[in-house]
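The structure appears below as C-alpha cells.
The values are calculated or read from the model by the stated rules, or taken from the named source; none is laboratory data. Predicted, not measured: the structure shown is a model, and the values here were computed from it. Because the Cβ atoms are built from the backbone with ideal geometry, glycine has one as well, and the counts that use them run over all protein chains shown.
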Amino acid sequence: MEQAYITHIKRSAITKAFRGGFAHKRPDELCADIIRGVVKDSGIDPNTIEDALIGCAMPEAEQGMNIARMAVLMAGLPEGVPGMTINRFCSSGLQTIASAANLIRSGAGHCFLAGGTESMSMVPMMGNKVVASGEVMDTHPEFYLGMGLTAENVADKYKVSRTEQDEFSLWSHKKSIAAIQGGLFKDEILPVDVKRRKLDKNGIVQEKTITIDTDEGARADTSVEALGKLRSVFKTGGSVTAGNSSQMSDGAAIALVVSETYLKKHNLTPMARFCGFQVAGVDPKIMGIGPVAAIPLACKQAGIEASSIERIELNEAFASQSIAVMKELKLDPSRVNPTGGAISLGHPLGATGAKLSASLLYGMKRDKQKYGMVTMCIGTGMGAAGIFENLA
Amino acid sequence: MTIKIRRAAVLGAGVMGAQIAAHLAAAGVRTHLLDLGGDDVPEDKKLKKALKGFAPRSWRAVRALGVLQKLKPSPLMTSSVLEKIIPGNFEDDMSVLADCDWVIEAIVERIDIKKKLFAEVTKYARPGVPITSNTSGIPVGDIAKTLPEEFQTSFFGVHFFNPPRYMKLVEVIPQGRTNINLLNDLSAWIEFRLGKGIVHATDSINFIGNRIGVLGCNTTIHHAERLGINIEEVDALTGKLWDRPKSATFRTLDVVGLDTYQLVAKNVYDKITDDPYHDFFKLPSWMEGLIEDGHFGSKSGCGTYKRVKEKGKSVIHAYRPETKTWVPAERPQIPWLKDALKQKTTFAKLSYAMDQNDKYAELVRLSLADVVNYSTLLVNDIASSSPKAIDDAMRWGYGWKWGPLELYQGIGTEKVHAVMQDLGRPTADWLGKGTQFYKPSPNDPQWERTGLQDEWQCDLKKYKKIESPLYHVKLPKKHDTEDPRYLMGNDSISLMDIGDGIACLTFHSKMNSLNTAMNEFIPKAIAHVNTHFEGMVVANDGQHFSAGADLSQILTYINDKNWDAIDKLIRTFQGAMQLLKFAPFPVVGCPHGMVLGGGCEVSLHTHHRVAASETYAGLVEMGVGLIPAAGGCKEFALRAYDQAALGDSDPFKFLQKMFMLIGLAKVSASGDDAVEAGIYGPETSITMNRDRQTAHAKLKVIEMLQLGFRPKLPRTGVKVLGNPGVQTFRMMLYNMLEGRQLSEHDAHIATQVAKVLCGGEIDGGSRISEQQFLNLERVNFVELCKTQKTKERIEHMLKKGKPLRN
C-alpha cells in the first residue's frame, strides 16, 4: 500500500466574521490565494496535480458553483486540474486530507491538493435557505437541534460547570496570545492581500491593499470575571455563552498530499505521514461528544496507542464539549491545543480541519513530537479524528 | 406661517439640548448639535468607536448621541434619527450657523458663559434668523442685552419641557425688542411641525409651568406636613383623583430629582422676594436634609421612596421625616377615596373629596384652593392675562388633565372660592366667586363637542373669542346624538359628518376596545358613507386609538364553551375589516397612542394611514394566548409574499420577519418605527401633530379622491409556502423551546401563526385566496380558545392587566 504524505501545508490567518480582514474577501478567492502559495512553495509541476479536494460546510452562494473547481481555476492552475467540493460540516477540511490520502493509499492517484475554505461573513451558518422536513419534525426534531443547544446538553450530561467553561476559554485565549506574540504561527500562515474599496469625500472609489497575516480572534484583555458576566445565548439560564463558544470566522487552508512514489520521483521532503482517519456517529442531541467515539477508532485504524499521541488539535466548538471530550478520554491537557483553539482563534467551519492540520504539523515540527491528532465534533452528531506522524 | 426651518443648530449637548436636537431631527430638520470642543477625549472604548467619522474634538456632542440611545423613555422615534444629527463643537464648527434657519441655545444656566457663546453665534448666524434660548431660570431680557443690537429683534425664549419628545408644552417668551411677527411665525412652525403646544409667557422667573407647578406641588407638601399626612397618602390623594399622572407628587419628584426640583423652586424663592406665596417656595427641612445627604431620587438610588431587596423581592419603602428612615410603604387607608374615584369626571371626583370631613379632604381642598388662588394672582403678570395659557401650561407641561382654572370652573366657582377665602391669603381683586373663565364651561357637553370658544381676559374683564383653528376636527368621546355632526352610532362607535363630503368613523368604547356592536355597525356605516359621502376617516380623540378586541366578551363565550359564538364573532370582525379594505371609497385611518391587537388590525385594513408620531402599534394577541384573526396575520402574510415577489426571493425570510413581529408581540416605539419595523406598510404617513391628525387624514382622503382613487379587489391566487414553510417554523420553535426561550403554549400558538402565514399545511407553491387566509385565522383562533392555557391567559390579562406566560 502506498503511504500518503503531506509535503506542504499553509493556511490563511483566521479573521473575525463580518468585521475582520477577510469580511469582504470571497472564499473562492481566498482559497485560490492559498492554493497558489502552496503550489509555488512546493515547486511541483501543477500539471501533475490529479485533483483538488476542498472542504466547505455551506457550499452555496459565494461558496457555491463547486468552489473547489472555481478556486483551482482562479489560482491559475492548468485547466486540466479538476476540483471536488466535500462537505462534512466542521470536519470538511480534515475529511479532504483523509480522502486524498485514502485515494493515494488505494492506488487511485499520487498528487492531490486538499483543504478547506469558509466565509462565515458571506454565507450564514445554516445557509441562506433552510427548509425543514415535516417527517423529521414529527419523529426526530432533535436532528435539527442548534449547535449551541447541543453544547448545553453536553454541559448538563457531563456536568461541565459554567466556571469550568469560562476557565477553559480563558486558557485558550492565553495560549493563543502567547503563540501569536511568540511568532509561532508565522510559518504556517500565508500572508494574503485584500483590497478594500471606499468612497472618498469626492465620491471617488479609493482602493487600498492590506496584507492579512495575523489571527484576529485572541483577546489579551479577557478574564474569568469578564467571561462570567456574559449571558447564555442559546438557552435561558444555560451556561454556554458567546465567550465560551468558538468564534465565527473566515479562513482557508490547503495541503499538498502525495504518495511515496511521487515523493521520490520529485525529490520532495515530507512534513508528515498520514496515519489514519475515522468518523463516527453519536446522538445528535450531544453532538459535541463526537470525538469520544471517533478517536479510539482512528487510533485503532492507525495502529497507534492514544497515549503515544503527543499533540492534539481538538476543535474547540464549545468549551463544554471540549472539556467533556478531554474528561471522557482522559486526554492530557498539556497535549491539547498548546497554541489555543477555536474559542480564541476562530472556527471557519469547512476550513477548520485543514487549518488545525497546519497548526498540528508545524507545532510537531517545532516541538519535535512524533504523533499528533486533529479531532472535532460535527453537526448532526458525528466526530472525526485524523492521526499524523511528524517527519520534519 | 412663512418661516422655513430646513437646518437648525442646537448649542449645548446636555440632556435637554441633545433631546431637542433628536426631536428636530425626527421632524426632518438637519440638525447640528454643538458643544465645547477639546482634545481631551476620555479613555472610553465605546466613545472612541462612536467618534469614527467625526472630528475627535467634537467628542462631547458625539457622546451626547450615545446618551440619547440610553435614555428612557427613548427620545429617539427611530434609531435612524441619529443620522440626521450632525455633531460638532463650538471652536471649529460655528460657521455652520450661517446655513441654519434656527439657532437654539441650551447651555449651562450662567449668563457670563451664555454671553461668551452669543458673541460667537452672532459672528456667524444670519441676522433675522431666530436665535432662541431654552433657559428656564434666567430672564430672556437679560440674555438679550448680551447680544448686538441687530440680533436682539430675532432673540427670544423658546422653552421646551423635559422630555421634549413627549411633553407637549413649549413656552415662548419675548423680550422688549423681540420681533413679535418672527416669534409668532416660529411658534406656528413649532406647533405644526414639531407637534407642540405653544404657551405665550411673559419674561418672568420660571415662566408659567414651573412657577405654578412648583407652587402647586410645594403647597401640597407643606399642607401635608402640617396635617400629618405621609408620603404614600399624599401620592394617593394627588394622582388619579385629579386625573394627573399616577406618579402624583413624591414619585414624580423622585424621577425629576429632588436637587433639580430644589433649584427650580429656589430660583423663585431667591429672585422674587415679594411673591405672595414666597415662603412656600422653600422646601421643607426634611427634604433639604435628603438632598444634603445625596438622596436625590431615582438617579441616586433613593429619595422620598427607595426600592429595597427583601428575600429576593423588590419592595418599595417610603421616607418618614420624623424618624429619618425609610419604612415599607403602606397602602393608604383613606376612607372615602374609593367612592370618590368612582365618580365619572375629574370635577365630580374632586367635588366629592372636598365634601368629606377629614384631614385628607382638607389636603385636597387646600391644595386646590392654593393653586387656583396663586394662578389668579399671577395670571396678569406671567400669562398676559390668559387663563388658557396657565391651564395649557399645566396640562401640557405637567400632564394634568385639567388646569387649575378649568378645575375652578368645572368643580364650581362658588365651592372653590369659598375655600380660597378661608385660606386667609391675598386674592386677586378682580376675581369674583362667579367668575367664569371659559365659555362653554369645561363641564358642559358643548366643551366636548366644540372645545373652547370664549376665554375671559382677566385684565380687560371681558371675553375674547377663541378662533377654532381650521385644522381642528374634534371628535366625541361618547355617544352624543346631540352633536350636530352625528349621523348614526351606538354606545361604542359613531359615524360623524366632518365636512367636505367626508365622514368619520369614531370609537368611544372603554379604551376604544372593539366589540361585536362596533363590528356589526361598521357595515352599516360603510353602506351609509357609500350612499351619502365621498370618503371616510377612521379616527378618535381618545388617549389611544384602540387597546384591541373586547376580551371579556370572548372569555364569556369560552366559559360557556360556545365555540360557534366565537366563530361568529370572528367572522363578523373579519367581515367588517374586509369591508373597510374593499370599500369603494377611500378610507384613511388615524392610529395614535396604543394601537393593539384588533385595533392594529383596523388600522391595517384602511387604504392609507395618517399615523401620529406617537403611535405604539402591534399585533399582541400572543400575550393572551391567541393569534390575530381579524385579518392581521393575513395582511402581514400578503405584504411578505408581495415583498418577496418584488425581488423574486424566498418568501420565508419575509414571513419570518412577520412571524417574529407577531410571536414577540412587538409594539412599535413610534409611528416611524411602526413603518421601519414592518408593522405598517408604505401606505403610511406620519404626523407630528396629534391635534391635526384627523384633519390631515381628511385631506388625504380628498387627495386620494382627486387623484382618482381605485378600490381594491380581493386577492384570489396568492402563491404560498405551505407545509415546507410550516415545518421550518416548527424547527425554529423547537429550538426556542429547547432553549427555554418560550413555553409549550407559546410554541403552540406560534405554530398556529405559522400555519396561517404559510397558507396552511398544504403543498408548497399552492395558490390560495385572501378568504382562505381568513378561514385559517378563524379556525386556529377558535381552536386556541378551547385550550385551558389560553383561557388562563385571557383571565389573567383581564384581572391583572398584563400578560401571563404559562
For a quick check of your reading of the model, give me the residue pairs whose first member lies in segment A:138-161 and is facing chain B (nearest Cβ under 9 Å) and in contact (Cβ under 8 Å) with a residue 12 or more places away in the chain, whose second is assigned to a loop (DSSP other than H, G, I, E, B) and surrounded by 23 or more Cβ atoms within 10 Å (Cβ to Cβ), with beta-carbon atoms closer than 7 Å and at least 6 apart or on different chains.
A:Gly146/A:Phe234; A:Gly148/A:Phe234; A:Gly148/A:Val240; A:Leu149/A:Phe234; A:Glu152/A:Phe234; A:Glu152/A:Val240
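Taking the stated definitions as given, is A:Gly109 more than 14 Å from every other protein chain (Cβ to nearest Cβ), outside any loop (DSSP other than H, G, I, E, B), modelled with pLDDT of 95 or more and crowded, with 16+ Cβ neighbours inside 10 Å? Outline the logic, then answer.
On the way: more than 14 Å from every other protein chain (Cβ to nearest Cβ): yes; outside any loop (DSSP other than H, G, I, E, B): no; modelled with pLDDT of 95 or more: yes; crowded, with 16+ Cβ neighbours inside 10 Å: yes.
No: the conditions fail for A:Gly109.
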If we keep just the residues of segment B:785-806 that are closer than 15 Å to B:Met622 by Cβ and not in a helix (DSSP H, G or I), which is modelled with the highest pLDDT?
B:Thr787
In this structure, is B:Ser668 under 21 Å from B:Gly625 (Cα atoms) and more than 14 Å from chain A (Cβ to nearest Cβ)?
yes
Any residue in segment B:453-467 that is in contact (Cβ under 8 Å) with a residue 24 or more places away in the chain sitting within a Cβ distance under 9 Å of a residue that is among the β-branched types (Val, Ile, Thr)? List the pairs, counting only those 6 or more apart or interchain.
B:Glu455/B:Ile466; B:Trp456/B:Thr435; B:Cys458/B:Thr376; B:Cys458/B:Val379; B:Cys458/B:Thr435; B:Asp459/B:Val379
Check whether at least one residue in segment B:637-649 is in contact (Cβ under 8 Å) with a residue 12 or more places away in the chain and surrounded by 23 or more Cβ atoms within 10 Å (Cβ to Cβ), and report yes or no.
yes
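Within segment A:302-309, can one find any residue that is crowded, with 24+ Cβ neighbours inside 10 Å and either at pLDDT 95 or above or of a type in the set (Ser, Thr, Tyr) (or both)? Walk me through it before giving the result.
Filtering segment A:302-309 for residues crowded, with 24+ Cβ neighbours inside 10 Å gives A:309.
Applying the additional criterion that residues be either at pLDDT 95 or above or of a type in the set (Ser, Thr, Tyr) (or both) yields A:309.
Scanning segment A:302-309 turns up at least one residue that is crowded, with 24+ Cβ neighbours inside 10 Å and either at pLDDT 95 or above or of a type in the set (Ser, Thr, Tyr) (or both).
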Would you be able to say whether some residue in segment B:564-581 is under 27 Å from the mean Cα position of the chain (by Cα) and under 16 Å from B:Asn780 (Cβ atoms)?
no
Note on A:Met58: of the conditions (1) over 16 Å from the mean Cα position of the chain (by Cα); (2) in a loop (DSSP other than H, G, I, E, B), unmet is (1)
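Give the residue, chosen from A:Gly243, A:Gly203, that is surrounded by fewer than 21 Cβ atoms within 10 Å (Cβ to Cβ) and away from every other protein chain (no Cβ under 14 Å). Outline the logic, then answer.
Values: A:Gly243 fails: surrounded by fewer than 21 Cβ atoms within 10 Å (Cβ to Cβ).
Criteria check complete, one pass: A:Gly203.
Identify all residues within segment B:143-176 that are of a type outside the set (Ser, Thr, Tyr) and more than 27 Å from B:Asp391 (Cα to Cα); write none if there are none. Let's see the steps before the verdict.
Within segment B:143-176, the subset of a type outside the set (Ser, Thr, Tyr) is B:143-145, B:147-152, B:155-165, B:167-176.
Hits for segment B:143-176 are B:Ile143, B:Ala144, B:Lys145, B:Leu147, B:Pro148, B:Glu149, B:Glu150, B:Phe151, B:Gln152.
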Taking segment A:250-287 and keeping only residues that are over 19 Å from A:Arg11 (Cα atoms) and assigned to a strand (DSSP E or B), one is left with A:Ser259, A:Cys275, A:Gly276, A:Phe277, A:Gln278, A:Val279, A:Ala280, A:Gly281
Test A:Lys174 against the stated conditions and say whether it is surrounded by fewer than 21 Cβ atoms within 10 Å (Cβ to Cβ), within 28 Å of A:Ala68 (Cα to Cα) and modelled with pLDDT of 95 or more.
no
Identify the single condition in (1) closer than 26 Å to B:Tyr277 by Cβ; (2) polar (S, T, N, Q); (3) in a loop (DSSP other than H, G, I, E, B) that B:Asn210 does not satisfy, given that it satisfies every other one.
(3)
Sole residue being surrounded by 21 or more Cβ atoms within 10 Å (Cβ to Cβ), within 26 Å of B:Pro163 (Cα to Cα) and among the β-branched types (Val, Ile, Thr), chosen from B:Thr304, B:Thr260
B:Thr304
Suppose the filter is in contact (Cβ under 8 Å) with a residue 40 or more places away in the chain, buried (at least 21 other Cβ atoms within 10 Å of the Cβ) and part of a helix (DSSP H, G or I); does B:Asn218 pass it?
yes
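I need the full set of residues from segment B:393-403 which are surrounded by fewer than 24 Cβ atoms within 10 Å (Cβ to Cβ) and of a type outside the set (Ser, Thr, Tyr), in order please. Write out each step before concluding.
Our first condition is that a residue be surrounded by fewer than 24 Cβ atoms within 10 Å (Cβ to Cβ); within segment B:393-403, this holds for B:395-396, B:398-402.
Residues satisfying the conditions are B:Arg395, B:Trp396, B:Gly399, B:Trp400, B:Lys401, B:Trp402.
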What is the number of the single condition among (1) within 25 Å of B:Val264 (Cα to Cα); (2) of a type in the set (Ser, Thr, Tyr); (3) over 25 Å from the mean Cα position of the chain (by Cα) that B:Thr135 does not meet?
(3)
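Checking the conditions here, which among B:Ile466, B:Ile498 is surrounded by fewer than 16 Cβ atoms within 10 Å (Cβ to Cβ) and aliphatic (A, V, I, L, M)?
Values: B:Ile498 fails: surrounded by fewer than 16 Cβ atoms within 10 Å (Cβ to Cβ).
Selected residue: B:Ile466, the only one of B:Ile466, B:Ile498 that is surrounded by fewer than 16 Cβ atoms within 10 Å (Cβ to Cβ) and aliphatic (A, V, I, L, M).
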Members of segment B:343-395 that are assigned to a loop (DSSP other than H, G, I, E, B) and more than 23 Å from B:Leu452 (Cα to Cα):
B:Gln343, B:Asp355, B:Gln356, B:Asn357, B:Asp358
Can you tell me which residue is farthest from the other protein chains (Cβ to nearest Cβ) among those in segment A:246-255 that are closer than 29 Å to A:Met271 by Cα and among the hydrophobic types (A, V, I, L, M, F, W, C)?
A:Ala255
If B:Leu626 satisfies all but one of (1) in contact (Cβ under 8 Å) with a residue 60 or more places away in the chain; (2) under 20 Å from B:Gln772 (Cα atoms); (3) not in a loop (DSSP other than H, G, I, E, B), what's the number of the condition it fails?
(3)
Would you check which residues across segment B:606-623 are outside any strand (DSSP E or B) and more than 20 Å from the chain's Cα centre (by Cα) and list them?
B:Thr606, B:His607, B:Glu621, B:Met622, B:Gly623
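Would you check if there is a residue in segment A:88-96 being in contact with a Cys (Cβ under 8 Å, 6 or more places away or on another chain), more than 30 Å from B:Val726 (Cβ to Cβ) and more than 14 Å from chain B (Cβ to nearest Cβ)? I'd like the intermediate steps shown before the answer.
Within segment A:88-96, the subset in contact with a Cys (Cβ under 8 Å, 6 or more places away or on another chain) is A:90, A:92.
Now restrict to residues that are more than 30 Å from B:Val726 (Cβ to Cβ): A:92.
Okay, now just the ones that are also more than 14 Å from chain B (Cβ to nearest Cβ), so A:92.
Yes, because at least one residue in segment A:88-96 is in contact with a Cys (Cβ under 8 Å, 6 or more places away or on another chain), more than 30 Å from B:Val726 (Cβ to Cβ) and more than 14 Å from chain B (Cβ to nearest Cβ).
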Complete set of residues in segment B:258-278 that are in contact with a helix residue (DSSP H, G or I) (Cβ under 8 Å, 6 or more places away or on another chain) and free of Cβ contacts under 8 Å to residues at least 60 places away in the same chain
B:Leu258, B:Asp259, B:Tyr261, B:Gln262, B:Ala265, B:Lys266, B:Tyr269, B:Asp275, B:His278
Give the residues of segment A:116-135 that are outside any loop (DSSP other than H, G, I, E, B) and either more than 8 Å from chain B (Cβ to nearest Cβ) or charged (D, E, K, R) (or both), sorted by residue number.
A:Gly116, A:Thr117, A:Glu118, A:Ser119, A:Glu135
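Table: residues versus (1) over 30 Å from B:Ala612 (Cα atoms); (2) not charged (D, E, K, R).
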{"position": "B:Gln175", "(1), (2)": "yes, yes"}
{"position": "B:Thr202", "(1), (2)": "yes, yes"}
{"position": "B:Val214", "(1), (2)": "yes, yes"}
{"position": "B:Asn218", "(1), (2)": "yes, yes"}
{"position": "B:Asp235", "(1), (2)": "yes, no"}
{"position": "B:Pro245", "(1), (2)": "no, yes"}
{"position": "B:Val268", "(1), (2)": "yes, yes"}
Kindly indicate whether any position in segment A:162-180 is out of contact with any Lys or Arg (no Cβ under 8 Å at 6 or more places or on another chain), in a loop (DSSP other than H, G, I, E, B) and away from every other protein chain (no Cβ under 14 Å).
no
